[in-house]
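Contents: one structure, followed by commentary.
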Amino acid sequence: MSRFEAMDGNTATAEAMRQVNPDVVAAYPITPQTSTVQTFSQFVADGEVDTEFIRVESEHSAMSACIGASAAGGRVMTATSANGLALMWEMVYIAASNRAPIVMTVVNRALSGPINIHCDHSDSMGTRDAGWIQLFGENPQEGYDNAIQAVRIAEHEDVLLPVMSMYDGFITSHGLERVQIEDDEAVRDFIGPFTAHDALLDVDNPVTYGPLDFYDFYMEHKRQQVEAMKYAKRVIPEVAADFEKHFGRRYGFFDEYRLDDAELALVVLSSTAGTARSVVDSLRAQGLKVGLLKPRVFRPFPAEELADALRDKIVVGVMDRSDSFGALGGPLFVELSAALKTYDVSAKMVDYVFGLGGRDTTPSQIESVFRDLAEMAETGEIKQLVTYLGVRE
Amino acid sequence: MATALKLKELYKKEDRLTSGHRLCAGCAAPIIVRQILTAIDEPVVLSNATGCLEVSTTIYPYTAWQVPWIHTAFETAASTISGVEAMYRSLVKQGKMEEQDIRFVAFGGDGGTYDIGLQALSGMLERGHTALYVCYNNEAYMNTGIQRSGATPLGAWTTTSPVGKVIPGKPRPRKDLTAIAAAHDIPYTAQASPHNWRDLMRKVRKAVAADGPSFLNVLSSCNRGWRHPTDITIEISRLAAETCYWPLYEVEDGEWKLTHRPKEKLPLEEFLRPQGRFRHLFREENKHVLEQLQAQVDRKWRQLLKRCGEEE
Ligand SMILES: Cc1ncc(C[n+]2csc(CCOP(=O)(O)OP(=O)(O)O)c2C)c(N)n1
Ligand code: SF4
Ligand SMILES: [Mg+2]
């Protein structure tokens, strides 16, 4: 039987890791991910997992060891945040190009500098082109559920790509919420056994991993990564459907809230969606036709599906919890704009950069965003393409 | 029974690094790798840092490696093999795989070991993975065109320590990485050279038999970077040992031991002269650098003798 517990996101993630019981974990502590590593260390010390836990001397080595372990032929997990992810950046790309089905929880934290330990999405957005599948979760439950589904997605033989599961630092990582933890057996049954492909440890069938790859083949190999991402777009819903069958919770590429008949749509990732939902309710009560879309899968970017969901909206406001300096707007805005343009959605679009370095985002700020959108719908004009919420200008 | 360290037995063994690779003629690196892989009778799994050895043996779709081999990046030979070795232990412990007595070996150049990969190496040694790390040390970044490294000796010419109007080559001495590795208190550390193949192979056997990490620093002549003829690779290696520029020794469970003591310690000049990278040191105005270099070699040699409990 599953059980309900009050848990923070990091404890829920550690629970998922305990249940997955990976063959190898290599990780390094960094706020706000640290308690995951600590909790998991205790599981190792208490013999609750069979995992070989490599307490590496850096995140760069964490990812390198994960790649080596994965190529050796087993299940591998890790977790990090911000500077840790930045330090392993070189290896993050190499993991994907080696087609290593590693699962990594990234507890979102602002990148230095200046140094800051609180939430924004600059860390995982910085690796959005690295070739990893990226899943954003809103709360501890989604962090837990995504970590478990990630194992199946990553290891699917049509995919074989690493998966990053994200949730918001402190807000979700350290906020206690009600979490439904499934049975160990049920989780293990859901993920199934690991199937090794071209294992380094198969000494009778030697393979060469990571050769020098020039202009005559490099492009084909990159192309194969593109194909794998396309397959992932098929596999992610399949895994979600099976997950729902097992555990009853439904997951898609994104989550819609009162979006169907909405004229004004807000698009926002992760925990802020919770706040936005209550704002939607109060504005709906006032008769405003507002709705919310919370993306879950950022890579592969479900462009067509997003366009369809937003097709008949008048104005779409995007909230970006990271910026892309010198670009048109934040990463979510830029990607979504391209998607809507490509699939002939005529909605006007604006961007709100918010919550950098953990700055609080209040319901009244989100309400002001909706009021902006309403004004734009009325005038038909974009007042300001990118607005920085709650900043001293 | 281990294969006897006799040529008539060893030559029968199959090459684990085949011919057809693109390392330069006369390069010591493949000689060293072959000596090492021939010394090991057990199955091996290798990790290799970016550098000459890696780029020249694996240009896709070809590979010269007849054994499992992985390259991830420049500074990651030690961390990558750590992951491979941990996975092996995990699978065996869980009964998911049969024990197979696999030896885990990492190869890195001096750049990938003394410099950018030092932290990963230190981590691997401290954590106690049962793996052998081999630095094939050609004393510069050769793959990228002969730039200085932490292993480049005082006064040597490289493209980033050029001989200029005011600075005659590298102004700083090399670091003593073998001693740094030994300071990790690992079961086995040694310094070797391919001219003394029996000594090198014996050390490899000890290293892979150790219960824990081991480190081997092997001097690896690069005729392109050292600027010497391609056919004196072995001779120049011998001169490195005979001048005590590259002493052959081992540190076993904290005990330092010379494995070769030159009958007569040759003047350093004999090692330096055939190499273009030291040519400028023989000019009158650079005599002081030459003397400094000799003095450094002498001092390190005396220090080593003391550590090994040998008389001067
Ligand atoms: C992070 C990173 N920095 C720099 C390089 C460029 N690079 C590749 S090989 C190399 C030098 C290799 O030197 P060494 O380890 O001594 O091996 P060698 O080529 O001399 O055998 C450098 C600087 C790289 N590949 N990765
Ligand atoms: S450049 Fe030097 S180290 Fe590199 S392959 Fe040639 S001889 Fe060997
Ligand atoms: Mg070198």
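Here are the numbers:
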quantity	calculated
Exclusive hit being away from ligand 1 (no atom under 15 Å from the Cβ), surrounded by 24 or more Cβ atoms within 10 Å (Cβ to Cβ), facing another protein chain (nearest Cβ under 7 Å) and not in a loop (DSSP other than H, G, I, E, B), set B:Ala120, B:Ala86	B:Ala86
Qualifying positions in segment A:1-40 - away from every other protein chain (no Cβ under 14 Å) and among the hydroxyl-bearing types (Ser, Thr, Tyr)	A:Ser2, A:Thr11, A:Thr13, A:Thr31, A:Thr34, A:Ser35, A:Thr36, A:Thr39
Filtered residues of segment B:127-145 (kept if outside any strand (DSSP E or B), more than 9 Å from ligand 3 (Cβ to nearest atom) and more than 14 Å from chain A (Cβ to nearest Cβ))	B:Gly145
Filter result for B:Gly164 (without any contact (Cβ under 8 Å) to a residue 12 or more places away in the chain, of a type in the set (Gly, Ala, Ser) and either over 24 Å from B:Arg34 (Cα atoms) or within 14 Å of chain A (Cβ to nearest Cβ) (or both))	yes
Strands (runs of 3 or more DSSP E) wholly inside segment A:6-115 containing at least 2 residues that are closer than 20 Å to B:Ala78 by Cβ	A:24-27, A:52-55, A:76-80
Number of positions in segment B:22-49 that are out of contact with any Leu (no Cβ under 7 Å at 6 or more places or on another chain), crowded, with 20+ Cβ neighbours inside 10 Å and farther than 21 Å from B:Ala209 by Cα	4
Answer from B:Lys175, B:Lys203, B:Lys170 - the residue that is more than 21 Å from B:Leu121 (Cβ to Cβ), at pLDDT 95 or above and not β-branched (Val, Ile, Thr)	B:Lys170
Total residues in segment B:101-117, condition within 16 Å of ligand 3 (Cβ to nearest atom) and crowded, with 21+ Cβ neighbours inside 10 Å	10
So B:Glu75, is it within 9 Å of chain A (Cβ to nearest Cβ), acidic (Asp, Glu), assigned to a loop (DSSP other than H, G, I, E, B) and closer than 23 Å to A:Glu57 by Cα	yes
Breaking point among (1) in a loop (DSSP other than H, G, I, E, B); (2) within 14 Å of chain B (Cβ to nearest Cβ); (3) out of contact with any helix residue (DSSP H, G or I) (no Cβ under 7 Å at 6 or more places or on another chain), for A:Leu200	(3)
Residue match in segment B:35-44 (condition: within 16 Å of ligand 3 (Cβ to nearest atom), without any contact (Cβ under 8 Å) to a residue 40 or more places away in the chain and assigned to a loop (DSSP other than H, G, I, E, B))	no
Residues of segment B:21-44 classified as in contact with a helix residue (DSSP H, G or I) (Cβ under 6 Å, 6 or more places away or on another chain) and either more than 10 Å from ligand 2 (Cβ to nearest atom) or of a type in the set (Lys, Arg) (or both), total	6
Residue satisfying condition, being crowded, with 21+ Cβ neighbours inside 10 Å, of a type outside the set (Val, Ile, Thr) and either part of a loop (DSSP other than H, G, I, E, B) or touching a residue at least 60 places away in the same chain (Cβ under 8 Å) (or both), within set B:Leu216, B:Leu239, B:Leu266	B:Leu216
Positions within segment A:169-197 being in contact (Cβ under 8 Å) with a residue 40 or more places away in the chain, part of a loop (DSSP other than H, G, I, E, B) and not polar (S, T, N, Q), in sequence order	A:Gly169, A:Phe170, A:Ile171, A:His174, A:Gly175, A:Leu176, A:Glu182, A:Asp183, A:Gly192, A:Phe194, A:Ala196, A:His197
Count of segment A:146-159 residues which are acidic (Asp, Glu) and within 12 Å of the chain's Cα centre (by Cα)	0
Flag if A:Pro193 is crowded, with 16+ Cβ neighbours inside 10 Å and within 14 Å of another protein chain (Cβ to nearest Cβ)	no
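Residues are listed down the side, and each one gets a yes or a no for (1) in a loop (DSSP other than H, G, I, E, B); (2) away from ligand 2 (no atom under 16 Å from the Cβ):
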| residue | (1), (2) |
| --- | --- |
| B:Leu53 | no, no |
| B:Tyr60 | yes, yes |
| B:Val67 | yes, yes |
| B:Val92 | no, yes |
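The values are calculated or read from the model by the stated rules, or taken from the named source; none is laboratory data. The model shown is predicted, which means the values in this text are computed figures rather than measured ones. Every residue, glycine as well, gets a Cβ built from its backbone with ideal geometry; the counts of neighbours run over all protein chains shown.
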